[in-house]
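Working notes, beginning with the structure itself.
Derivation of every value follows stated rules applied to the coordinates shown; laboratory data play no part. A quick note: this is a predicted structure, and the numbers were derived from the prediction, not measured. Reconstructed Cβ throughout: ideal geometry from the backbone, glycine too, with neighbour counts over all protein chains shown.
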There are 2 protein chains.
Amino acid sequence: MTHPYGVLRLALPLVLLLATAQSCGTGRREPPAPSQSRISFTTNERFDARAVPAYGGEHRDVYGYIDGHRAEHLEQVQRWLRQPSISAEGNGIREMANLLRQDLTALGFQEAELVPTSGHPGVWGYLDQGAPKTLLVYMMYDVQPVEQTDWQVNAFEGAVTDHQLGRVLMARGATNQKGPQRAFLNAVSAIRAVRGKLPVNLMIAAEGEEELGSPHYPEIIDRYQARMREADGVMFPSNSQGRTGEVTLSLGVKGILYLELEARGGEQGGPTKAEIHGSLKVMTDSPVWRLVQALATLTTPDGNTVTVPGYYDRIRPPSDEEQRLVNARLEGWGEEEQGMRTTLAVKRWTEGLEGRELLARMIFGTTLNIDGLVAGYTGPGVKTILPHRAVAKIDTRLVPNQTPEEALRLIRSHLAAKGFQDISIKVLSGYPPAQTSVDEPWVRAAIAVLNKYGKTPVVSPRGTGSAPYYVFTQRLGLPMVSAGLGHGSGAHAPNEYMVVEPKPGSRIASLSEMEKFYVDLLFAFAGTP
Amino acid sequence: MTHPYGVLRLALPLVLLLATAQSCGTGRREPPAPSQSRISFTTNERFDARAVPAYGGEHRDVYGYIDGHRAEHLEQVQRWLRQPSISAEGNGIREMANLLRQDLTALGFQEAELVPTSGHPGVWGYLDQGAPKTLLVYMMYDVQPVEQTDWQVNAFEGAVTDHQLGRVLMARGATNQKGPQRAFLNAVSAIRAVRGKLPVNLMIAAEGEEELGSPHYPEIIDRYQARMREADGVMFPSNSQGRTGEVTLSLGVKGILYLELEARGGEQGGPTKAEIHGSLKVMTDSPVWRLVQALATLTTPDGNTVTVPGYYDRIRPPSDEEQRLVNARLEGWGEEEQGMRTTLAVKRWTEGLEGRELLARMIFGTTLNIDGLVAGYTGPGVKTILPHRAVAKIDTRLVPNQTPEEALRLIRSHLAAKGFQDISIKVLSGYPPAQTSVDEPWVRAAIAVLNKYGKTPVVSPRGTGSAPYYVFTQRLGLPMVSAGLGHGSGAHAPNEYMVVEPKPGSRIASLSEMEKFYVDLLFAFAGTP
């Protein structure tokens, strides 16, 4: 679930232009389906990332150190990858938390401690360098589970292997997120080795439950928020390059509300303890039908427009800044969109959307998705049962100014109004969207360093994904940047990799180049006004 | 899926009284939901099973033989139970088929052979006794899978164990259906041992795929139908006693149509190859939503009335005979219905039905049931994906004069009319209902033997379940009886059992009494006009 996008503090007056498309009652099931309104644009101006002056710093002594320690730095990344840390299974979690803590101590952090939470522990570290600026680094030390049989290599071996893009580290966590994070610490160690001191103070606030939806990260913030408020910005090290080397800088994330809806037999009817014979449907209510019918009231027949009254009401139209960013992104959008269709094996986007309308929907649209659905017998062939329960996992992505509380309230009232009080709703995860303005000096500093390397980024107000960055942007009021050179793929999938030695001619950064970028980024941050 | 009910040949003029309750369009989702019409009765007369004169035959020499061979006969049943024959897994199928074939040879059957089908083999046996009457015995030699961890004993050990009802055989297949079937063959062997000859010729036509919905049983019929037409009646040995010894004689079965509905990404949108990230719902169609929306069009919001136009049109009202049977069954219905509610852990029947309306719905009602539903992530916690496929298994029980062909046609046209052509429909099983008239001499013979043992049965035109008995009643035109003393439970569940030595004072038959009943039944059949 990692979607390492930055954050934008909203200060613009907001006008609700987005019309809602409600479509209950008469003809609800008849095509053509109602659809969400098109997203209104009021400007065709474009943000120009090239106009941000390239970062001028050169730190050759540090670069030289990095070049001289390639093998050792690679080994540092491998050491992390060889330590499993599967949060969903609790596998290696404490070991990885301790490994991170010990690494911080080894790097000279004056504070390095495990942070107890209601779930897996966090890790807190503080490196006081007597610098005027303090950077808070968000990290996650957990990874997704693996299906080892689908892998070409042992997922926890830290294998370096040949790939069409060059030599890659192929391992769970290679790109999500141990690779870029340890590359960042390699950069820190290089500066410390050569200069003795970083140009900034560092705070590290790592969690071990990102892949679970960060349910207890707020507890870590609770504990350190007074300290964290002393920071000047937040960073999440990440591989932001695509396969051809292009860089995307996302300034925000959507929020999310993840629910489990469950129908069970009860006073209202249906079997209450176990499945019963399917033929008994003739006289017995079915929790599966109830769930299906309840779910069906939530969207139009095409599944693309939310029919919960008021669901679109709080969505604000794109701000001027967002419009300028989207207009700029349009340049390479055709190719990007085609690439996505190929990668995802999708033949046609929702409602046949294309061009700016598609891009705008992607960035400004809310969703209602069924992640999982299960009831009864799901094996091959015939088994005739009437199940006593049915469960749906659904998630909705929230854009400004939606909130998980409001989304939950609307869904709950709607189901109740439709007579589905028997469906239980459990909240598994929920947090609001987060954004940082492209005008933040910290964001401009990141763009400046990218421009230095000839990697002018595509800047997006947000991507489609979610992360709980509101804790930084809203609770702490800090600008957040999620950046880094480097390319990897396969997060949550088999054969996850991160390129460490790209093929000659590739625009993808090597591990050493990733580290040099982080060196510059730290100095650039130190130089922000 | 075994529902060993008999069969009734319909000769009455039928008038369509059952109104359909269609409820599409306007207000479709608003409670109160439309419901099926009440089933009309035109008579309050009751069928009186006590009026059938008790069978007068006494076959003491055979009974004596049975009493003298208790241990050996029990061992014969155990031998069957120790041979696994799980059709779903193909486990032990051929071994069990051969075991049955060899047993028939040992019993003197002149013909005993495996019958190849497109699936598991059948077994055909013929015992020519030069008798005027021929009885065709339907058997199934397969059993349901087991979850051994849920069992008190090894499911294939043939354990005899203590139970609140007495000593029981606890094993997979104990009651469904090896126990009663082997008890029947024990009765055959006793008659052969004492008298040399049976009073009837026997045909055995066994299948090894009953638990899969009998997909290839028609092939067995195809092969032997000329021979089978020489038979005078069909029998399925089964334990028809409840826990307190009461006997139910079901004269028919419902038909079934079992479908797999699948939604996948395709030209119309949605991911086509694999799940994609859930956040991409913002621009990507969801096969899960499509399936949910398609399913939702099939029933009222309560899931209890089928909204497919014309679905109830072919259902005929209860015949006079059926009404008389239902009226008679009403006597103990309150207790029976309460017992069912307790056993099934159901607090309230559909629409709050009770009394005769409930009983009538049970017997004369069609169904649309979701047996299973699956898409995407179904494990614990949070995973955000947009699945590329979603599958529902649904079954509908068919009552006279519904047919699987018509039901399929109606469902298919309805989904197409609602714009769900993208949902694929696969037929996994389908056959029409079957019934035998209570006035058939073969049925009266069975009731007569039950009356001899003071076990006057509750006679029902049919139960809720399905079995492909139309091959006997419709294709071969034969009356069918599914009868037997004995009690067992746990078919398809852990700790399946059949009582072999009931506690003193119990009205449940022992294994020896079951066998004596079958002896009488064979002689009674021989004596039918």
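Here are the numbers for this structure:
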item	result
Bridge type composition, the protein assembly as shown - antiparallel percent by DSSP, nearest 5	75
Share antiparallel - DSSP beta bridges, chain B, percent rounded to 5	75
Mean separation of Cα contacts under 8 Å, 6 or more apart, over the residue count of region B:176-251: relative contact order %	32
By average C-beta atoms within 10 angstrom, highest first, the peptides A:496-507, B:380-391	B:380-391, A:496-507
Average beta-carbon neighbours from other chains, 10 Å sphere, peptide A:348-359	3
For the protein assembly as shown: rounded, prolate or oblate by the Cα gyration tensor [a/c cutoff 1.5]	prolate
Distance between modelled label sites at residue B:347 and residue A:162, nm, 7 Å Cα→Cβ extension	6.7
Cα-based shape type of chain A, given that a ≥ b ≥ c are square roots of the gyration tensor eigenvalues and the cut on a/c is 1.5	prolate
Under 5 Å, built H, 5+ apart or other chain: amide partners of residue B:428	B:258, B:259, B:260
Whole-number Å³ per residue for the convex hull built on Cα positions in region A:167-262	186
Euclidean distance of C-alpha centroids, region B:127-167 and region B:395-437, integer Å	33
CD proxy at 222 nm, helix term only [per DSSP H run n ≥ 4: -39500 (n - 2.57); per residue of chain A; nearest 500]	-9000 deg cm²/dmol
Likely footprinting exposure, A:281, B:455, A:273, fewest C-beta neighbours within 10 Å first	A:273, B:455, A:281
Contact order relative to length of region A:343-457, as percent, for alpha carbon pairs under 8 angstrom and 6 or more apart	18
Nearby lysines by direct alpha-carbon distance to residue A:254 (threshold 27 angstrom, same-chain neighbours under 8 apart not counted)	A:178, A:347, A:393, A:426, A:455, B:273, B:281, B:383
Footprinting exposure proxy for A:235, B:340 (fewest neighbouring C-beta atoms within 10 Å first)	B:340, A:235
Relative exposure of A:217, A:312, A:453, judged by other C-beta atoms within 10 Å (fewest first)	A:453, A:312, A:217
Residue A:166 long-range amide H proximity, modeled H, under 5 Å	A:503
For residue A:159, distant residues with modelled amide H under 5 Å away	A:170
Relative contact order [Cα under 8 Å, 6+ residues apart], chain A, whole percent	29
Ranked by how many other beta carbons lie within 10 Å on average, peptides B:176-189, A:171-184 from highest	A:171-184, B:176-189
Gyration tensor (alpha-carbon) shape descriptor, region B:336-376, a/c threshold 1.5	oblate
Efficiency of FRET between residue B:79 and residue B:335 - r from beta-carbon atoms, R0 41 angstrom, step 0.05	0.60
Other protein chain Cβ atoms within 10 Å, averaged over every residue that makes up A:360-366	2
Cβ-based net charge around residue B:254, under 12 Å, with every Lys or Arg adding one and every Asp or Glu removing one	+2
Region B:479-529-region B:350-387 distance, computed between alpha-carbon centres (Å)	33
Around residue A:60: net Lys/Arg minus Asp/Glu count, Cβ-Cβ under 15 Å	-3
Under 11 Å, Cβ to Cβ, from residue B:140 - net charge with Lys/Arg +1 and Asp/Glu -1	-4
